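All remarks here apply to the structure that follows.
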There are 2 protein chains.
Amino acid sequence: MQERQGGVIESRAVRMNKTAMRKRANLRDVAAEAGVSVATVSRVMNSPATVAPATRERVEGAMRRLQWVPSAAARAINSGRTRFVGALVPTLDSDIFARVLANLEQGLTAQRLSLVVATTDDDPDIELAKARALLDIGAEGLIVSGMTRSPDFDELVARARLPVIAISCHDPDYRMPTIGYDNHGAALAALSHLTGLGHRRIAVLHGPLRNDRTQRRVLALQGQGDADLTFHETTLSTAGGCQAVRGVLSGRRPSAILCLSDVIAAGAMAEVQRHGLRIPDDMSVMGLDDLPGSAHLYPALSTIHLPVSRMGRAVADALAGWVERDEKPDPQLLDHELVVRASTGPCR
Amino acid sequence: MQERQGGVIESRAVRMNKTAMRKRANLRDVAAEAGVSVATVSRVMNSPATVAPATRERVEGAMRRLQWVPSAAARAINSGRTRFVGALVPTLDSDIFARVLANLEQGLTAQRLSLVVATTDDDPDIELAKARALLDIGAEGLIVSGMTRSPDFDELVARARLPVIAISCHDPDYRMPTIGYDNHGAALAALSHLTGLGHRRIAVLHGPLRNDRTQRRVLALQGQGDADLTFHETTLSTAGGCQAVRGVLSGRRPSAILCLSDVIAAGAMAEVQRHGLRIPDDMSVMGLDDLPGSAHLYPALSTIHLPVSRMGRAVADALAGWVERDEKPDPQLLDHELVVRASTGPCR
DNA sequence: TTGAAAGCGCTAACAA
DNA sequence: TTGTTAGCGCTTTCAA
């Protein structure tokens, strides 16, 4: 079959001068075209200094003529590296994950790693399926959101001995390193800002409870007996905030609305104002996230700042270190911070 | 070296029963463990029906015991497929791209393709570098934004014979298929909504001109002599909108503000209201994009709806068809649409 | 139903 | 400075 192989190369080279080649050239084709061995071609790629200039030029000419592009798969099979990791996030359609991913991608790029994204819609089964798909295509590490996993997920990553980091949450005892903030504490901080202003009757608006970060925030508040809280679940969107506020205002009116996500708060504020109420005079509105836009709403939204950009960079470094140098990172807690702006005021 | 090979397998298998294996198991290890040939193991993976149940079970047991995970690279080298494509977008930190990518990812998933994302910050050189990186790791196709390319980009994709689609724009004569909307027409539609309401003195707020989509929108308006337009470049953010409005209101006051992106409009509306002006009575504000949140701002933003979700799905189908079945897609123009809400009113 | 063996495109050890 | 060649882990004929 050496014969056959030779024949194929020959016919390719011949055809090439007339019309488009039907197949991508490989190292052997380039070597044949340049009249050198495959090793020399490989050297031109990987250690050009060890190749005589004249030879190198001949090889480079051949590469150009054959429009040769190295095969990533072949390189990967030798190096054992694919140089990309996967991120499993609930949705891409959210300012908060966009910001995490933006920073993550930048941090990974600095380490010459690429980022594959996959969305889970907060469904552990989808997460599992997409994790499988990511492993199938060769992801060297994974980022997951929160701490709700499918049972099979753990077996999967254990088998593959895969670096995995959970983000947007914090729990040093979780079976994989977490890098994130304290959702429980952040929710409490938001509430105590309102109670500190004298608010007692407070409507709490939050997204779907199947998201465990949302769940933690809600649970944190449910433990607080000193305030009169009513909880309203809605979709994680401005539309959800609007809708929930319509419900809130149709009943016994609270003096403040605590939104456990800024997107919801944005919708809530708009709807409150559409009802002719002034913020914060007639109604205080508090958020939680601190999206880039929240400072520039009208009125500017008081909220809890979550360090998502910092988180993105931290995760990039942590995962890169794990993947590249086998350094398993420690769990990392990033502080949240109260940001008082114009949407909250004293109860009256 | 057959000896050596055998010896290594042996020692691995032996060690495995005592302590963790130092290396990931491969097909040969599994075959040896199960007492079958590598071909049989491969069949268990790819066409289980052709393997005797008893044999299959033995093999599956061996896979489990050795915690075997197939190598993506080895599979890729045989199939010539990596099953992922790359998207090059200016930024992830924007509602608009988040929404495109969300739909893109969903569409690709349906075709069993994964999505690698890379950000370019609207810089052709960064785009080129990241395109190289994506090819290096084996992307089978690329999505780029707009029509500004580095000269070397074309050579790169030509050499790799790589399917590439340009999005967020429309030009049937562009050297690669475009799937997107008519930025020129959308800007004109926004303007004519305002002029139709009687507005003549209009401040136009827009993002950085190095983005060619923004540039098209601006150029479209600059050709319009019948209105008195002043242009204000700012950052593509709510903060940018706020800041630009401060400049606008310090000069001769227009009766309307036309923002060529909704994010800018959101900031602009907030700042206008902070100056004590009512929208639309004292000032009309018009957007362009129609972000999910724009309908739920206060007041609800009049804007031009760009079909970004539809675009995401269309691109997914087009690129999948190209990559999987070599069907090069035709350019595709998606219609924009005027959405009149509460932020615009008659000039007075 | 199974196995032997030839590749896939590249890297790297070793020889010349 | 260059070439020969044995792998990397898998798929896929072809034979048995």
All-but-one check, residue A:318 against (1) out of contact with any Lys or Arg (no Cβ under 6 Å at 6 or more places or on another chain); (2) within 13 Å of another protein chain (Cβ to nearest Cβ), failing number (2)
- Does residue B:20 qualify as being modelled with pLDDT under 95, near DNA strand C (Cβ under 10 Å from one of its atoms) and not charged (D, E, K, R)? no
Being assigned by TED's automatic domain parsing to the domain that holds residue A:213, over 30 Å from residue B:80 (Cβ atoms), more than 16 Å from DNA strand D (Cβ to nearest atom) and crowded, with 24+ Cβ neighbours inside 10 Å narrows A:166, A:98, A:187 down to just A:187
Here the qualifying pairs (Cβ atoms under 6 Å; residues six or more apart or on different chains; first in the stretch B:37-63 and among the polar types (S, T, N, Q); second part of a helix (DSSP H, G or I)) come out as B:37/B:31; B:50/B:43
Kindly indicate whether residue B:156 is within 14 Å of chain A (Cβ to nearest Cβ), modelled with pLDDT under 95 and either crowded, with 19+ Cβ neighbours inside 10 Å or closer than 30 Å to residue B:76 by Cα (or both). yes
Only one of A:223, A:207, A:293, A:321 is farther than 15 Å from residue A:344 by Cβ and out of contact with any Asp or Glu (no Cβ under 9 Å at 6 or more places or on another chain), namely A:223
| In the stretch B:38-49, is there at least one residue being modelled with pLDDT of 95 or more, of a type in the set (A, V, I, L, M) and more than 10 Å from DNA strand D (Cβ to nearest atom)? | no
Restricting the stretch A:286-325 to residues that are more than 15 Å from residue A:336 (Cβ to Cβ) and within 15 Å of the chain's Cα centre (by Cα), the one surrounded by the most Cβ atoms within 10 Å (Cβ to Cβ) turns out to be A:319
Scanning the stretch B:29-87 for residues that are over 30 Å from residue B:100 (Cα atoms), among the small types (Gly, Ala, Ser) and facing chain A (nearest Cβ under 9 Å) gives B:71, B:74
Given the conditions (1) within 13 Å of chain A (Cβ to nearest Cβ); (2) part of a loop (DSSP other than H, G, I, E, B), every one holds for residue B:312 apart from (2)
On the given criteria, is residue A:282 out of contact with any strand residue (DSSP E or B) (no Cβ under 9 Å at 6 or more places or on another chain) and of a type in the set (Asp, Glu)? yes
Checked the stretch A:21-55 for anything of a type in the set (Val, Ile, Thr) and exposed (fewer than 11 other Cβ atoms within 10 Å of the Cβ); matches are A:50
Review point. Do we have any residue at all in the stretch B:137-147 that's within 27 Å of residue A:131 (Cβ to Cβ), in contact with an Asp or Glu (Cβ under 7 Å, 6 or more places away or on another chain) and not assigned by TED's automatic domain parsing to the domain that holds residue B:30?
Key: no
Note on residue B:110: of the conditions (1) on the phi > 0 side of the Ramachandran plot; (2) within 13 Å of chain A (Cβ to nearest Cβ), unmet is (1)
Note on residue A:147: of the conditions (1) out of contact with any Cys (no Cβ under 8 Å at 6 or more places or on another chain); (2) surrounded by fewer than 21 Cβ atoms within 10 Å (Cβ to Cβ), unmet is (1)
Expected output for the stretch B:264-277 (first residue more than 8 Å from every other protein chain (Cβ to nearest Cβ), partner hydroxyl-bearing (Ser, Thr, Tyr), Cβ below 8 Å, 6+ apart or cross-chain) is B:264/B:234; B:264/B:237; B:264/B:238; B:265/B:294; B:265/B:303; B:265/B:343
Yes/no for residue B:310 being in contact with an Asp or Glu (Cβ under 8 Å, 6 or more places away or on another chain), of a type in the set (D, E, K, R) and on the phi < 0 side of the Ramachandran plot: no
Quiz item: What do you reckon, is residue A:164 at the interface with chain B (Cβ under 7 Å from one of its Cβ atoms) and free of Cβ contacts under 8 Å to residues at least 40 places away in the same chain?
Solution: no
Given (1) more than 11 Å from chain B (Cβ to nearest Cβ); (2) in a loop (DSSP other than H, G, I, E, B); (3) without any contact (Cβ under 8 Å) to a residue 40 or more places away in the chain, residue A:235 misses just (1)
message = On the basis of being over 26 Å from residue A:266 (Cβ atoms) and within 16 Å of DNA strand D (Cβ to nearest atom), does residue A:73 make the cut?
response = yes
| said: Take residue B:272 and tell me if it is of a type in the set (A, V, I, L, M), surrounded by 19 or more Cβ atoms within 10 Å (Cβ to Cβ) and within 20 Å of residue B:164 (Cβ to Cβ). | reply: no
Taking the stretch B:278-302 and keeping only residues that are outside any loop (DSSP other than H, G, I, E, B), touching a residue at least 12 places away in the same chain (Cβ under 8 Å) and within 14 Å of chain A (Cβ to nearest Cβ), one is left with B:285, B:289, B:292, B:293, B:294, B:295
Among B:64, B:83, the single one that is in contact with a strand residue (DSSP E or B) (Cβ under 7 Å, 6 or more places away or on another chain) and either acidic (Asp, Glu) or within 16 Å of DNA strand D (Cβ to nearest atom) (or both) is B:83
Exactly one of A:191, A:197, A:209, A:142 is at pLDDT 95 or above, within 13 Å of chain B (Cβ to nearest Cβ) and under 29 Å from residue A:290 (Cα atoms), and that one is A:142
- Query: Going by the structure shown, is residue B:97 touching a Pro at 6+ places or on another chain (Cβ under 8 Å) and modelled with pLDDT of 95 or more?
  - Reply: no
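The values are calculated or read from the model by the stated rules, or taken from the named source; none is laboratory data. Computed from a predicted model, the values in this text were never measured in an experiment. When we count neighbours, we look across all protein chains shown, and the Cβ atoms used for this are built from the backbone with ideal geometry, even at glycine.
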